[in-house]
Amino acid sequence: MNFKNWRGTVGLIKPTMRPGSMEETARLLPDGVGLIPIHQNVRKGSKDEFETAIQGYHDNATILANAGVDLIHHSGTPPFMMLGVTEEKKIMRKWEQKLKVPNFTANQNITCALKTLGAKNIIGISYSKLQNDLTRDYMTEAGFRVLAMEPLLVPFQKAGEIPPEKVYTLARNTLRESPDAEAIYLQGNAWRLLSIVEKMEQDFGIPVIETCAALCWEIQHRLHIHEPKNGLGILLSKLPEPCKY
């Protein structure tokens, strides 16, 4: 690997060609951490597309392993949520053994973050009915009590245009209906929500799990880095030690 990536290199497999989350991840990671992204071509966000995406993840993970990365992250929750918690874990172990590189999914990252922060009762916000239903089922299987899971329904291609303020408002209203919630999960990578994470945690008094922040938190720990970032929520400001998968 290039000397500029002296703290480690992460292979990042994205499910769509949509810009935004990869750039945010690059900005959040400490200096010296390199990223090699590979984008797949999910366009419609349909169940059929997600079901056939797993082979692409495997093929791209093989490319990244051959490039010499230190970690491989499989972004995009629906394809692996469809497998369920147990099968997803089996596949990651199988690929790790074959490729000799640690592999982890977005779902594993999010559930680890929630468990690390001691959250059992959660509410979530998503941007499609399919992802909403998949998230509820997956999180329940993972041992969480999903008090509410609310979608902001937009066409899949338009999810990145949802204003953060609209997400804040829905989360606030959902929390009012489920006051026992111990964390809020902002599901999905299409929207850009880093600007409201700290505000939500301050206003609502509970942790907020946003995908880019959660990913960069775990990458730091996996690469044995400790470089807190303020203003982006508790995971990056405190860098709590992650749970074990």
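Values computed for the structure shown
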| item | result |
| --- | --- |
| Single condition residue 83 does not satisfy, out of (1) closer than 18 Å to residue 131 by Cβ; (2) in a helix (DSSP H, G or I) | (2) |
| Hits in region 75-115 - residues which are of a type in the set (Val, Ile, Thr) and either at pLDDT 95 or above or touching a Cys at 6+ places or on another chain (Cβ under 7 Å) (or both) | 85, 86, 91, 101, 105, 110, 111 |
| Pairs with Cβ under 7 Å, 6+ apart, first in region 46-65 and in contact (Cβ under 8 Å) with a residue 12 or more places away in the chain and buried (at least 17 other Cβ atoms within 10 Å of the Cβ), second assigned to a helix (DSSP H, G or I) and among the polar types (S, T, N, Q) | none |
| Lone qualifier among 25, 16 - being in contact (Cβ under 8 Å) with a residue 40 or more places away in the chain and in a helix (DSSP H, G or I) | 25 |
| Test for residue 180: is it acidic (Asp, Glu), surrounded by fewer than 21 Cβ atoms within 10 Å (Cβ to Cβ), in a loop (DSSP other than H, G, I, E, B) and modelled with pLDDT of 95 or more | yes |
| Residue within region 167-187 that is out of contact with any Leu (no Cβ under 6 Å at 6 or more places or on another chain), free of Cβ contacts under 8 Å to residues at least 24 places away in the same chain and under 27 Å from residue 18 (Cα atoms) present | yes |
| Failed item in (1) touching a helix residue (DSSP H, G or I) at 6+ places or on another chain (Cβ under 6 Å); (2) in a loop (DSSP other than H, G, I, E, B), with residue 38 passing the rest | (2) |
| Within region 43-73, tally of residues that are hydrophobic (A, V, I, L, M, F, W, C), assigned to a loop (DSSP other than H, G, I, E, B) and modelled with pLDDT of 95 or more | 1 |
| Those residues of region 191-218 which are assigned to a helix (DSSP H, G or I), over 12 Å from the mean Cα position of the chain (by Cα) and not aliphatic (A, V, I, L, M), in sequence order | 195, 198, 199, 201, 202, 203, 204 |
| Positions within region 219-232 being part of a loop (DSSP other than H, G, I, E, B) and either under 20 Å from residue 76 (Cα atoms) or free of Cβ contacts under 8 Å to residues at least 40 places away in the same chain (or both), in sequence order | 224, 226, 228, 230, 231 |
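The values are calculated or read from the model by the stated rules, or taken from the named source; none is laboratory data. Keep in mind the model is a prediction, meaning the values are calculated, not measured. Every residue, glycine as well, gets a Cβ built from its backbone with ideal geometry; the counts of neighbours run over all protein chains shown.
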